[in-house]
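Colleague: The structure's right below; bear with me while I get my questions together.
Bear in mind that the values in this text are calculations on the coordinates, not laboratory data. Note that this is a predicted model, so its numbers are computed, not measured. When we count neighbours, we look across all protein chains shown, and the Cβ atoms used for this are built from the backbone with ideal geometry, even at glycine.
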Amino acid sequence: MSKTPHGAPLGAPPVMRRDERQRITLTLNGTERSGLCAPRELLSDFLRHELGATGTHVGCEHGVCGACTVRVDGVAARSCLMLAVQADGRAIDTVEGLAPREGLGDLQEAFRRHHALQCGFCTAGILMSCADYLERVPEPTEAQVRDMLSGHLCRCTGYTPIVAAVLDVAASRARLRRIAAPLAEEHCDA
Ligand code: FES
Ligand code: FES
């Protein structure tokens, strides 16, 4: 019987060797990037070691601590619970993409203002969860923010300054929306 180069019968589903690396392409923070990964390589390792996006931290590698959180097609996800091959063709956002070309994003500024980080190991993951959450729940209560943060472990801050930073950003964005709304209406009427 004819065989594939891996020894499988022709027509059988494709089989990858354990040490074989496969090229995947994804959009990282708005830029198309491509790299090689092993079949069982975690997305967190691929981002850090193959693409050099070391802002994403790895703590427990069991989906518990939240340090590795990125956004996959806009939704916060643990990159240690996803294989790199599953990210092929998808949009991945990491903490490196949060800041504008110069300076810091508003969430990052608020974290700095409120001293919402100490060692900073948890910070990248928390920022990515907050970025996603505030888009879905733009004006959360303190209880909602605390509930969202329950998916993250921070050993340094006691969480209170993080909660203050998130609520501060939510309030400033709401103020900006209120200012922008009448201007947008005027623009439509003109
Ligand atoms: S490293 Fe992914 S959840 Fe802890
Ligand atoms: S700032 Fe150190 S773990 Fe959160």
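Colleague: Can you tell me the equivalent ellipsoid semi-axes for the range 99-190? Use √(5λ) from the Cα gyration tensor, largest first, whole Å.
Modeller: 28, 15, 10
Colleague: Testing the spin-label approximation: label points 7 Å from Cα along Cα→Cβ at Leu104 and Val75. State their distance in nm.
Modeller: Modelled inter-label distance: 3.0 nm.
Colleague: Amide H to amide H under 5 Å from Leu42: which residues, 5+ apart in sequence or cross-chain, H placed 1.01 Å off N in plane?
Modeller: Amide H to amide H, under 5 Å and 5 or more residues apart or across chains, Leu42 pairs with Ala84.
Colleague: Highest mean first, how do 140-153, 175-188, 73-86, 18-31 rank when packing is the count of other Cβ atoms within 10 Å averaged over residues?
Modeller: Output ranking for 140-153, 175-188, 73-86, 18-31: 73-86, 140-153, 18-31, 175-188.
Colleague: Using only the Cα atoms, work out Rg/Rh for the range 8-88, with Rh taken as the Kirkwood radius, to two decimals.
Modeller: 1.02
Colleague: Here's a follow-up. Which whole-percent values make up P(r) of the chain when all C-alpha to C-alpha distances are grouped in 5 Å steps starting at zero?
Modeller: 1, 7, 14, 17, 15, 12, 10, 7, 5, 4, 3, 2, 1, 0, 0
Colleague: Compute the distance in nm between two label points, each set 7 Å from the Cα along the Cα-to-Cβ direction, one at Cys156 and one at Ser34.
Modeller: For the pair Cys156/Ser34, the computed spacing is 3.9 nm.
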